Amino acid sequence: MAAPPPATELPIREGEGEKKTAATEQEINPWDVQAGQDEQGNTLQFDYVAISKKWATKLIDEDLLQRFERLTGKKPHRWLRRGLFFSHRDFDKILDKYEAGEPFFLYTGRGPSSDALHLGHTIPFTFTKWLQDVFDVPLVIMLTDDEKALFKEKLTFEETHKFGLQNAKDIIACGFDVKKTFIFSDLEYISGHFLYNVWEFSKLLPFNQVRGAFGFDGSTNIGRIMFPAVQCAAAFATSYPQIWPNYDPKADRSKAIAKIPCLIPCAIDQDPYFRLVRDNSTRMRHPTPKPALIHSKFLTALQGAGGKMSASDPNSAIFMTDTPNQIKNKIIKHAFSGGRESLEEHRRLGGIPEVDVAFQYLSYFEDDDAKLLEIETSYRNGTLLTGELKKMAIAMLQEYVAEFQERRKGVTDEVMRSYMTPRELEWKGNPNPVKKEKKAKGGKGEAKPAEAKPAEAKPAEKEG
Ligand code: TRP
């Protein structure tokens, strides 16, 4: 997520020619994520509602969460309740599948650009592990070692491959069930049916559409131009023939398997890829339903508003290798505070939880809604002080990281390889499905192959 950004033009508003700084809009794409700035050059918070509107995704609402709870019998994860996962495409259709006891799978991934994960990296994985537990479905995790070497000038394929294997261990330490999880390195795994899918899909994509979605130009290396077909083809169930029951190595990519849809948990910056799949998947030789998505925000950097945890800035992030003391010092020294200048002022005016990084982290890790509300209220009215708030955040983060480190200790090379071996996965899905009534003639059938809804945004006209 951080290679040379495609050249972007800063929108300069009329009459602002002579000012030093112009307001800039936020920039969000798979390789460059930057918050906007106001006219004074102050960094703004990310505007997630704006990006959802621009890309025509749906915001996750109370109705959807209630339906989720009704169907699964599980309270929505606090990251859903508190809007860290805030947007989706067709998550409701995945719930239909779950309700009917029909198969679907989860797909997520990681671009291995360094050898250690920070807290922000683990969020989508910890959430995906929770989804895997709740739905009891197979999961594939893609390590895009190919992508990272293509997009980072300084990294070689050998290095990103190594990072990928290291990252796989950290990902495993997020708690995935080996029986239901297949992790693969692109450089190692892509061949056979997967490769057929990559080429078949690439044939459906005119360069215009890819350029529009990603901002490529004539000097972009052609590996980068091809790569989207790789990340996209990973959304097809036929790319993993071995994970499905009754694998027959001689069989063609089958029509029945092609129909199994996937749900992709990812940060919102990955959406441009999957719009390409959604726009074209039904044109594959064996038509595949559009993948569903569930999008997260970025985890705020320690420095606060508009920042994003970054592996290249050690003080912006809590690393999963940090000691309890390092965590404590980082929060105390670097976590942006919404508290006031003096104790007297804080008591009088109260703190501002909205901009307070310790409060935000606390809200990601404290599961008890009532307790969190109490903390928020007492911070806002000045009875709770910044130091006290930070102390609570430190304790929660230390616990999350320590639990991770404990699991990580058990992940040997052998364990890692057991997740990375192509093999049949085992899962049960919904234990109490409601069988759909036989489709009435012309009635509300499930997967109409070309459910072309005009509402779906075409990436080419939305970006670039
Ligand atoms: N491109 C992603 C990254 O740089 C990795 C990735 C591949 C991914 N497939 C994915 C992320 C699916 C989320 C969902 O991190």
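Observations
- In the context of the full set of protein chains, the stretch 324-410 has a per residue accessible area of 54 Å² (1.4 Å probe).
- Between residue 434 and residue 82, the modelled labels are 3.2 nm apart [label points 7 Å from Cα along Cα→Cβ].
- Length released on extending from residue 366 to residue 383, taking residue separation times 0.36 nm less the Cα-Cα span: 4.2 nm
- Taking 7 Å steps out from each Cα toward its Cβ at residue 283 and residue 54 produces label points 2.5 nm apart.
- Structure-based [θ]222 nm, the chain - -39500 (n - 2.57) summed over DSSP H runs of at least 4, per residue, nearest 500: -12500 deg cm²/dmol
- Residue-span extension gain [residue 341 to residue 222] - 0.36 nm each, minus C-alpha spacing: 37.5 nm
- Separation of the residue 195 and residue 63 label points, Cα + 7 Å toward Cβ, nm: 4.7
- Probe 1.4 Å, protein heavy atoms only - accessible area per residue of the stretch 42-302 in square angstrom: 36
- With θ taken as phi - 60° and the Karplus curve 6.51 cos²θ - 1.76 cosθ + 1.60 applied, the whole-hertz 3J(HN,Hα) list for the stretch 244-255 is 8, x, 6, 5, 10, x, 8, 6, 6, 4, 8, 4 Hz, x standing for glycine and proline.
- The angle separating the long axis of helix 62-72 from the principal Cα axis of greatest extent in the chain is about 60 degrees.
- The overall shape of the stretch 88-207 is oblate: from the C-alpha gyration tensor, with semi-axes ordered a ≥ b ≥ c, the ratio a/c is 1.5 or greater and a/b is no larger than b/c.
- Alpha-carbon centroids, the stretch 56-73 and the stretch 265-284: separation in whole Å: 21
- Full-extension gain in nm, residue 355 to residue 204, via 0.36 nm per residue minus C-alpha separation: 49.9 nm
- Among 95-106, 398-409, the order from most to least packed when residues are scored by Cβ within 10 Å on average: 95-106, 398-409
- Accessible surface of the stretch 324-410 [probe 1.4 Å, protein heavy atoms]: carbon and sulfur percent: 55
- Whole-Å distance, taken between Cα centres, linking the stretch 324-376 and the stretch 183-254: 44
- Seen against the Cα atoms of the chain and their longest principal axis, helix 369-380 is set at about 30 degrees.
- 12 Å reach of a label modelled at residue 403, 7 Å along Cα-to-Cβ, counting backbone N of the stretch 360-375: 365-368
- Kirkwood-type hydrodynamic radius, the stretch 42-302: 19.0 Å, calculated from all non-identical alpha-carbon pairs.
- Amide proton proximity set for residue 105, modelled H, under 5 Å, gap of 5+: 262, 263
- Relative to the dominant Cα principal axis of the chain, helix 157-172 is inclined by about 80°.
- Rg/Rh, computed from the Cα trace of the chain with Rh as the Kirkwood radius, has the value 0.97.
- Contact order, relative form, for the chain: 20 percent (alpha carbon pairs under 8 Å, 6 or more residues apart, mean separation divided by residue count).
- Antiparallel %, DSSP beta bridges [both residues in the chain], to 5: 45
The values are calculated or read from the model by the stated rules, or taken from the named source; none is laboratory data. Just so it is clear, the structure is predicted and the values come from calculations on it, not from any experiment. Using ideal geometry, Cβ is built from the backbone for each residue, glycine included, and neighbour counts are taken over all protein chains shown. Note: accessible area is taken over every heavy atom of the protein model, side chains too, but ligands, DNA and RNA are not part of it. Shrake-Rupley method; radii C 1.70, N 1.55, O 1.52, S 1.80 Å.
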